[in-house]
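Working notes for the structure below.
The values are calculated or read from the model by the stated rules, or taken from the named source; none is laboratory data. Please read these numbers as outputs of a predicted model, since none were measured by experiment. Note: ideal-geometry Cβ built from the backbone for every residue, glycine included; neighbour counts use all protein chains shown. Just so you know, the surface numbers come from the protein's heavy atoms only, side chains and all, with ligands and any DNA or RNA stripped out. Shrake-Rupley method; radii C 1.70, N 1.55, O 1.52, S 1.80 Å.
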Amino acid sequence: MSAAALERPQLVAHAQHALSYTAFECKWVPRSARLLCLGSAPRGTGLLQLYELRGGRLALLREIEKAKPLKCGTFGATSLQQRYLATGDFGGNLNIWNLEAPEIPVYSVKAHKEIVNSIDGVGGLGIGEGAPEIVTGSRDGTVKVWDARQKDSPVANMEPVEGESKRDCWTVAFGNAYNQEERVVCAGYDNGDIKLFDLKTMSLRWETNIKNGVCSLEFDRKDINMNKLVATSLEGKFHVFDMRTQHPTKGFASVSEKAHKSTMWQVRHLPQNRDIFMTSGGAGSLHLWKYEYPAQRSKKDSEGAEMGVAGSVSLLQNVTLSTQPISSLDWSPDKKGLCVCTAFDQTVRVLIVTKLNKV
Amino acid sequence: MPVWLREYRWRQSAAAVFLSLPLPPRRASAASIFCTEQYLKVSIPPFLFEAVLYAPIDDTSSTAKIENGNIFFTLYKKETGMWDSLMMENANKEKLQYVRENAVLKAQEKAKEEAEAKKVTKREHDKYALEATMKLEEAERKRIENLKEQERQKVTRELELWKNEQTYMEGQMRIQREEKLHQEVEQLKEKKKEKITKPTIPNEGTSKITVKPTKGYPSSNSMFSENLKEEQLPAPRSAGTIKINFTSRVFPTALRESRVAEEEEWLNKQAEARRTINDDLAELKDLKEEEKNPDWLKDKGNKMFATGNYLAAVNAYNLAVRLNNKLPVLYLNRAACHLKLRNLHKAIEDSSKALELLTPPVPDNKNARIKAHVRRGTAFCQLELYAEGLQDYEAALKIDPKNSTIEKDAEKIRCIIQGTSQDL
């Protein structure tokens, strides 16, 4: 370990807490030092726990139990005042909860026939413009967009053609929400398909196949013109797509990296710097990456059509925290470098990444 | 028999004996000196000098110096005193022998002891070195740990500060909310009062919204602007559906990069099988049931070979191969037919194919392999490619060294080769 190595960002383990259930998702409560863990209790019910960071430990503030195990949650579509949590559960229900009064959901709908694998929200928390919306992706192969003001039916539904065999949708992400009309949903499926839906024109804008099931998708920012999209997949690969230039046949340019030697479960961009992101792996490791843009982001191909040029990705730091997969990761939007992760070894860990200012 | 060196000179003092031994010329370097407490031997084959000393000496501190064709010994006596002579008197053979052996034993023991002592010191040195390195590494590790710990503490302190800030801000927000409510209540009261009295300034109602608490926190502004924003949110999107197709796939499982190779192989095999079936189906519809059996066709071919109808035999084998191209015996027999028909290249092809199918080489397919080699060899020779033919015959011989016909044929070929090379 040389001095140069110590100049790189360090992942410092700050606090750790053992849970008595399997946690599938962890999220910071915006504008606070509190975090949320949700998952499945051993007796088959859903559990939601609210913790607060106190000293070097996590103190449990509230525990809420629900009928069905909870798979995913987001604060993305609520206002900063209300901070309602939207969750998807194993029974295919989408619920929005007020954490001060969690007995009755503020909004509830049976979104899908099977488990809701992934959820994302846009338009809330003072980020982005346009109506707050929630998108859910499910094992039944459909991706649905919901508005909390419209009951019972989605405002957009992406489903397979009649008679087509369906593939599980594993992950969804919002993007391109830079004004009130534009919005884009990207969905990743278990057969490696990535599909980009444009909600303004209600059409499929782009699709590709990365040859391995897509575990996690994220745009680097939801509220700007589409810049970068990171997709992680099985077999330890992730792809970074440059979303600024779309070629009519070749689609978006991408660069891919292999790491972790196992499934890459999650990717999350640092809210304070959109070129830094962290990936979590099936072997319990976290890798911190930095994307570097190429000298020219687009070039003309032989027919004169614009084609994007992908940059390069470099590994800043990595750490192995556990032997079990780290299933969920979240950066704190308020404190740069603070992040929380949960793993299948039933622990929730709070980490601090140092020296991010010097990167 | 060694040559004894008897010339020597010696003198003594109370504590030491000085012995000078002239060496035979040009032999100085090969001298080997053996000295114990009471026995001194210098051996320069074939010369030998031996002395059983009068009294014991201290052999560790005694020295020997080789100079100018002489060896100078400085022997320190164990007990001071003058010696009557250098060597012991009355030394009979037995005594000499005994002293010699003793001396050797003593020397060996001493050597052993020295080795032991050396080992012990070496061990201690090693241990010391190891401990030293361990300490260094430990120090390094500690240093890094300390750095990390410091970082951790620094970061924890920052976090605490930030957290306190957060709770403070939240408290502030709550207070503001309460204040706002309070103010609104006050204003309502005022308005009521005004209604009772006479409203003098009609604008007062509208100015209510612009009254803000003067504690100018940015969050309070956003609170208000947030309310306004809510009213400006666009209506929910008009519902729409997008129909999607998934990438087509033969297998029901999802695509995985590591499995692609296996899947390709499987698909190829399926395609091949389907192709053969399709070909056969197309042309063999009018064949009888038994004619679709490769074994039956093989037998038919053998019979025709026996009667000398080679072309018909080849046809039978062709059909059999179309039905099942993995039977080596079909190729073997077809090769034999081709030989008879003098289609030598075809014979070589078929024998080669048969040999390919006959891997791995085991005792069971020995006969078949011999036949293949022999047939191919014959074909080569008939094409006058004698070298290749010889290769095949030798391969056949290797499989079965006891076959005399093969040996004879191989000999013949060798002669032919040598004959031709001589001609050249």
Checked against (1) more than 23 Å from A:Ile115 (Cα to Cα); (2) free of Cβ contacts under 8 Å to residues at least 12 places away in the same chain, A:Arg43 satisfies every condition except (1)
All positions within region A:19-71 that are touching a Pro at 6+ places or on another chain (Cβ under 9 Å) and open to solvent by 30 Å² or more (accessible area, probe 1.4 Å):
A:Ser20, A:Thr22, A:Phe24, A:Arg31, A:Gly44, A:Arg62, A:Lys66
Give me the pairs: first residue in region B:14-25 and polar (S, T, N, Q), second residue loosely packed, with under 13 Cβ neighbours inside 10 Å, beta-carbon distance under 7 Å, and six or more apart or on different chains, which are they?
B:Ser20/B:Arg9
For region B:31-51, what are the residues that are touching a strand residue (DSSP E or B) at 6+ places or on another chain (Cβ under 6 Å) and of a type in the set (Val, Ile, Thr)?
B:Ile33, B:Val42
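For (1) within 26 Å of A:Glu52 (Cβ to Cβ); (2) part of a strand (DSSP E or B); (3) of a type in the set (D, E, K, R), each residue gets a yes or a no:
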| residue | (1), (2), (3) |
| --- | --- |
| A:His269 | yes, yes, no |
| A:Met278 | yes, yes, no |
| A:Leu286 | yes, yes, no |
| A:Tyr291 | no, yes, no |
| A:Pro294 | no, no, no |
| A:Lys299 | no, yes, yes |
| A:Gln317 | no, yes, no |
| A:Leu329 | yes, yes, no |
| A:Asn357 | no, no, no |
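So which residues in region A:209-219 are open to solvent by 10 Å² or more (accessible area, probe 1.4 Å) and more than 9 Å from chain B (Cβ to nearest Cβ)?
The initial filter retains those residues of region A:209-219 that are open to solvent by 10 Å² or more (accessible area, probe 1.4 Å), namely A:209-211, A:215, A:218.
The answer is A:Cys215, A:Glu218.
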Tally, over region B:228-263, of residues that are open to solvent by less than 100 Å² (accessible area, probe 1.4 Å) and either among the acidic types (Asp, Glu) or more than 14 Å from chain A (Cβ to nearest Cβ) (or both):
2
Looking at B:Asn333, B:Asn365, B:Asn318, which is the one that is surrounded by fewer than 19 Cβ atoms within 10 Å (Cβ to Cβ) and either at pLDDT below 90 or assigned to a helix (DSSP H, G or I) (or both)?
B:Asn318
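Somewhere in region A:119-127, is a residue crowded, with 23+ Cβ neighbours inside 10 Å and at positive phi? Outline the logic, then answer.
If we filter region A:119-127 for residues that are crowded, with 23+ Cβ neighbours inside 10 Å, which is where we start, we get A:119-124.
Narrowing further to those that are at positive phi: A:123.
Scanning region A:119-127, I find at least one residue that is crowded, with 23+ Cβ neighbours inside 10 Å and at positive phi, so the answer is yes.
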Residue among A:Ser40, A:Ser20 that alone is of a type in the set (S, T, N, Q) and within 18 Å of A:Leu85 (Cβ to Cβ)
A:Ser40
Among the residues listed as B:Ala117, B:Ala111, the single one being within 22 Å of B:Ala31 (Cα to Cα) and assigned to a helix (DSSP H, G or I)
B:Ala111
Per-region count, region B:368-396, residues open to solvent by 30 Å² or more (accessible area, probe 1.4 Å), assigned to a helix (DSSP H, G or I) and free of Cβ contacts under 8 Å to residues at least 24 places away in the same chain:
3
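Test A:Ala187 against the stated conditions and say whether it is out of contact with any Leu (no Cβ under 6 Å at 6 or more places or on another chain) and either more than 10 Å from chain B (Cβ to nearest Cβ) or at positive phi (or both). Let's see the steps before the verdict.
On the way: out of contact with any Leu (no Cβ under 6 Å at 6 or more places or on another chain): yes; either more than 10 Å from chain B (Cβ to nearest Cβ) or at positive phi (or both): no.
Considered against the rule, which asks whether it is out of contact with any Leu (no Cβ under 6 Å at 6 or more places or on another chain) and either more than 10 Å from chain B (Cβ to nearest Cβ) or at positive phi (or both), A:Ala187 comes out as no.
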Mind counting the residues in region A:149-184 that are at the interface with chain B (Cβ under 9 Å from one of its Cβ atoms) and either among the aliphatic types (A, V, I, L, M) or surrounded by fewer than 23 Cβ atoms within 10 Å (Cβ to Cβ) (or both)?
18
Please state which one of A:Met243, A:Met226, A:Met202 is open to solvent by less than 40 Å² (accessible area, probe 1.4 Å), over 17 Å from the mean Cα position of the chain (by Cα) and more than 20 Å from B:Ala254 (Cβ to Cβ).
A:Met243
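Among A:Ala253, A:Ala187, which is the only one that is over 29 Å from A:Thr323 (Cβ atoms), of a type in the set (Gly, Ala, Ser) and under 16 Å from the mean Cα position of the chain (by Cα)?
A:Ala187
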Any residue that is open to solvent by 60 Å² or more (accessible area, probe 1.4 Å) and in contact with a Lys or Arg (Cβ under 6 Å, 6 or more places away or on another chain) - is there at least one of those in region B:6-28?
yes
For A:Glu129, only one of the following conditions fails: (1) touching a Ser or Thr at 6+ places or on another chain (Cβ under 6 Å); (2) within 12 Å of chain B (Cβ to nearest Cβ). What is its number?
(1)
Would you mention how many residues in region B:65-106 are part of a strand (DSSP E or B), without any contact (Cβ under 8 Å) to a residue 60 or more places away in the chain and of a type in the set (Lys, Arg)?
1
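Within region B:330-345, count every residue that is over 18 Å from B:Asn302 (Cβ atoms) and of a type outside the set (A, V, I, L, M, F, W, C).
3
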